[in-house]
Amino acid sequence: RNLLLPDGVPPERQWARFYIKIYRAEGLPRMNTSIMANVKKALIGENKDLVDPYVQVVFAGQKVSTSVQKSSYEPLWNEQIIFTEMFPPLCKRIKIQIRDSDKVNDVAIGTHFIDLRKISNEGDKGK
């Protein structure tokens, strides 16, 4: 018996694929928080407050991102992210975060966690 596995997790687990489909986002806020953006606005009057969003998904120690949609408040991705992990996974939730791509430091716009227990049935097959 593996002492590192929590109670209720079978010692022999099978590999599974977790598919996450990222469709779109709506109503993103105006983002203009970097120092360089404020300097450009003061010196040359450039007022770039558009968002360059992408979605970052974190699951079971793996981090995958969608493509960056330049200058968009309502980005459309229609991208699929696939994780390969043992089933049942030891990780109990998926972190989904919309981020604003920036040359210096990406900024989180919004974060949501999906509890796997709420979207999967109990049992070793998840059925």
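The values are calculated or read from the model by the stated rules, or taken from the named source; none is laboratory data. Quick caveat: nothing in here was measured; it's all calculated off a predicted structure. Virtual Cβ from ideal backbone geometry, glycine too; neighbours counted across all protein chains shown. Side chains included, ligands, DNA and RNA excluded: accessible areas come from the protein's heavy atoms. Shrake-Rupley method; radii C 1.70, N 1.55, O 1.52, S 1.80 Å.
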**Request:** Please verify whether the stretch 109-121 includes one or more residues that are at negative phi, surrounded by 17 or more Cβ atoms within 10 Å (Cβ to Cβ) and in a loop (DSSP other than H, G, I, E, B).
**Result:** no
**Asked** What's the number of the condition GLY8 fails, among (1) modelled with pLDDT under 75; (2) open to solvent by less than 60 Å² (accessible area, probe 1.4 Å)?
**Response** (2)
**Asked** If the Cβ limit is 6 Å and pairs must be 6+ apart or interchain, which residue in the stretch 92-110 that is over 15 Å from GLY27 (Cα atoms) pairs with which residue that is open to solvent by 70 Å² or more (accessible area, probe 1.4 Å) and hydrophobic (A, V, I, L, M, F, W, C)?
**Response** ARG93/PHE113; LYS95/PHE113
**Request:** For the stretch 20-36, state whether one or more residues are in contact with a Ser or Thr (Cβ under 7 Å, 6 or more places away or on another chain) and modelled with pLDDT of 75 or more.
**Result:** yes
**Request:** Within the stretch 74-85, count every residue that is open to solvent by less than 50 Å² (accessible area, probe 1.4 Å) and out of contact with any strand residue (DSSP E or B) (no Cβ under 6 Å at 6 or more places or on another chain).
**Result:** 1
